[in-house]
Structures are given as C-alpha cells and as structure tokens.
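Heads up, the thing below is written out as structure tokens.
The values are calculated or read from the model by the stated rules, or taken from the named source; none is laboratory data. Please read these numbers as outputs of a predicted model, since none were measured by experiment. When we count neighbours, we look across all protein chains shown, and the Cβ atoms used for this are built from the backbone with ideal geometry, even at glycine. Calculation scope for accessible area: heavy atoms of the full protein, side chains included, ligands and nucleic acids excluded. Shrake-Rupley method; radii C 1.70, N 1.55, O 1.52, S 1.80 Å.
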Amino acid sequence: MKKILISLILLICGQFVCAAEVNIYSARKEALIKPILDRFTTETGIKVNLITGKADTFIKRIEVEGKNTPADILLTVDAARLVRAKDKELFQSIDSKILSSVIPAHLRDIDNHWFGLSLRSRVIVYNPDKVSSNDIIGYIDLANDKWKGRICVRSSSNIYNQSLVASLIAHHGIMETERWASKLVTNFARTPKGGDRDQIKAVVAGVCDLAIVNNYYLAGMLDSNKDEEVAAAEKVKLFWPDQDTYGAHFNVSGAGILKYAKNKDEAIKLLEYLVTIEAQQWYSDVNYEYPVILDVKISSILKKWGAFSMDTLALNLLGRYNSDAVKLMDRVGWK
Ligand code: FE
C-alpha cells in the first residue's frame, strides 16, 4: 500500500508540479531584477519564473486570463500602473506584518494591494557652465521666463512625466498645474524626444541647459563601462528640486499579488525578501535606486548626491490623477 502511495505521489508530483515556485509578470527589465530573484531562489529553494514585458500589456493579459492566469505577481516601475491594476481589481489584499511595517505608508496601497519596493526620484540635471545651482528652485520654477528655450524633457507619453505632473496636480490643483505646464512647454529647447539618458546627453551637447530625468539614469552613466558616457555624465550636476517646500518627486518600482495567484504564500515570501536589507542594498548598488526601508547602506554614487528631502505624497494619488495629467499635458501641447 505504502509503495503504491509513494509511486502515486511521484507520478502526480513530478519535479515541476510540486516544486515550490512563483511566477512574475515584470515590467522591469530582466537584467535589473533577475540577479536578486536568483538569490531568493538560492536562499529559499523557491523557483522564480520571470516573464518581462510592458506593464499595460500585462494588465490587459491578466484581465483576459482571469482565473487561469499563470502569474502570481505583477511588478511595475511606476506607482500609477499599480493603481491601474488595483482599480481593475487584479490584485488581492495581502496581510503581511513585514510588508506593512517596514514600507512607509505613502509608498504602499492603503488596502495592501501593492507595495513600493525601490525608490527613484525625478531630479533636475544641469550644466554647471551655463547654470548656477542658486538659480534653480524646483519643478514649478521651471515655468519661469528665465528658462525659455533651455529645458529638455522626454515626451508626455512617458509614465514618469505623467506621474510628476500628477503629483503637481495633487499639490496645486488642475488649473494651476495646467497654467504651469503651458508655460513650461514654451521653455522647452526642442520637441520632446528620446529617453532620460538622451536628455542628459542633450544637456552635455549644449542643446539645453537643464533636463528633468530619473536619478538612476545619471548614476548608470557615471558608472558605465563606456568612457564617453562617464565623461558626459561628469559634465553635469544633479539638483534636488523643491527642497524648501514639498521635496523632490519620488516614484517606486513595486508589485502586487494577483487575485488569482496560485502560489500566494511563495509570492508573499518573495515580496518580503525584496524588502530585506540584502535586497534593498542590491537595488541601490546595481540599479542606483534608493531603499524603501531604513538603515540600508546606499551606493557610493547615491551617497555623493547627499541628503535630500522627499515628497511624501501618498503614491496612490499618482494613479488617481494620471488621466487628468495625460489630458492636461495634451491640452498644453506637451508632445
Ligand atoms: Fe526607467
């Protein structure tokens, strides 16, 4: 009888069926997440299957797959898309003492549907030969006439810009933010094009005097193995916006566990692992992002940029005001 039972278990429980695993749909590129997932597998024995792609494509796919989705976790690089997934009722509420105690409240969903896992700031990068740091204040001041034809920024279709504008709507309201944005676009040095690294390169090339970019793109260039990227990055400086008011705009990479996750326990273990000191330090060292938890040593490049004050706006507002931000940017002609 015992023999039959064991053979039955072996039959049903092939290596892949019974091995603990967790499946992720990730909008974060493989190189920027896989190494830390491998460490998680080594430490826990839980296999991680990673599929990378675009967040909105995954959101549609999860909706279509419904109960049959193979995914347990959706990982994105912006809070607005996590809010979008929550609004479509794709996530479930997760009761984890670790996640809700170590991640500050403004960086996670109020119903514990998603959690911020690493921090990135949208900063100002400037050419010190053309601009004095004393002349820069922050986002709102970029609409000032003194910046006419001097600013580079990528297009309004980019979620980082949408989230920045959404944060300004949360602070100043739609009308004031629209007035600001309509003046800002007249200060653009060129029609928006390229990614954040291209904006930094445009500052170096003299196309513009300053640019709005995410901090880790500059750090990646400074730490690049291409000499010309390092040389370019060293010609610009980073400015922390709005330090006397609400602080620099921050966004998160983050994740939620899907409503129909088949491996919920493993998925919780993975998210909890991603907020350990070890994983948070990895985010800082490899991706040049800031930790969401306290007491983590940050990489030397981040350290050089010094202390800053961070906007502590609840990040669910980036999702709530996303469509207002998109429409507003369209109305003012932000290409
Ligand atoms: Fe990015």
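Here are the numbers:
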read-out	value
Helices (runs of 4 or more DSSP H) wholly inside region 180-269 containing at least 1 residues that are within 16 Å of the ligand (Cβ to nearest atom) and under 16 Å from residue 163 (Cβ atoms)	196-204, 215-222
Long-range neighbours under 8 Å by Cβ, at least six apart or interchain, first residue among the hydroxyl-bearing types (Ser, Thr, Tyr) within region 204-220, second within 14 Å of the ligand (Cβ to nearest atom) and not in a loop (DSSP other than H, G, I, E, B)	216/120; 216/287; 217/196; 217/197; 217/200
Flag for residue 189 being closer than 17 Å to residue 130 by Cβ and either at pLDDT 95 or above or under 19 Å from the mean Cα position of the chain (by Cα) (or both)	yes
Conditions (1) under 17 Å from residue 262 (Cα atoms); (2) exposed (fewer than 13 other Cβ atoms within 10 Å of the Cβ); number of the one not met by residue 75	(2)
Residue 273 surrounded by fewer than 18 Cβ atoms within 10 Å (Cβ to Cβ), within 19 Å of residue 22 (Cβ to Cβ) and either touching a residue at least 12 places away in the same chain (Cβ under 8 Å) or not β-branched (Val, Ile, Thr) (or both)	no
Region 37-50 - residue that is of a type outside the set (S, T, N, Q), touching a residue at least 40 places away in the same chain (Cβ under 8 Å) and open to solvent by less than 70 Å² (accessible area, probe 1.4 Å) and, of those, nearest to the ligand (Cβ to nearest atom)	37
Residues satisfying the stated conditions in region 276-303, i.e. aliphatic (A, V, I, L, M) and buried (at least 24 other Cβ atoms within 10 Å of the Cβ)	292
Pairs with Cβ under 8 Å, 6+ apart, first in region 92-113 and under 17 Å from residue 267 (Cα atoms), second open to solvent by 50 Å² or more (accessible area, probe 1.4 Å) and acidic (Asp, Glu)	93/111; 112/95
Selection status of residue 120, touching a residue at least 24 places away in the same chain (Cβ under 8 Å), charged (D, E, K, R), within 16 Å of the ligand (Cβ to nearest atom) and closer than 30 Å to residue 100 by Cβ	yes
Which numbered condition residue 53 misses (of (1) surrounded by 15 or more Cβ atoms within 10 Å (Cβ to Cβ); (2) within 16 Å of the ligand (Cβ to nearest atom))	(1)
Subset tally (residues that are open to solvent by less than 10 Å² (accessible area, probe 1.4 Å) and either of a type in the set (Asp, Glu) or within 16 Å of the ligand (Cβ to nearest atom) (or both)) for region 78-87	4
Residue match in region 88-109 (condition: within 26 Å of residue 26 (Cβ to Cβ), of a type in the set (Gly, Ala, Ser) and within 16 Å of the ligand (Cβ to nearest atom))	no
Contacts under 6 angstrom Cβ, first residue in region 143-156 being over 13 Å from residue 203 (Cα atoms) and outside the structural domain of residue 124 (by TED's automatic domain parsing), partner in a loop (DSSP other than H, G, I, E, B) and of a type in the set (Gly, Ala, Ser), 6 or more apart	none
Residues being without any contact (Cβ under 8 Å) to a residue 40 or more places away in the chain and part of a helix (DSSP H, G or I) - total across region 285-317	4
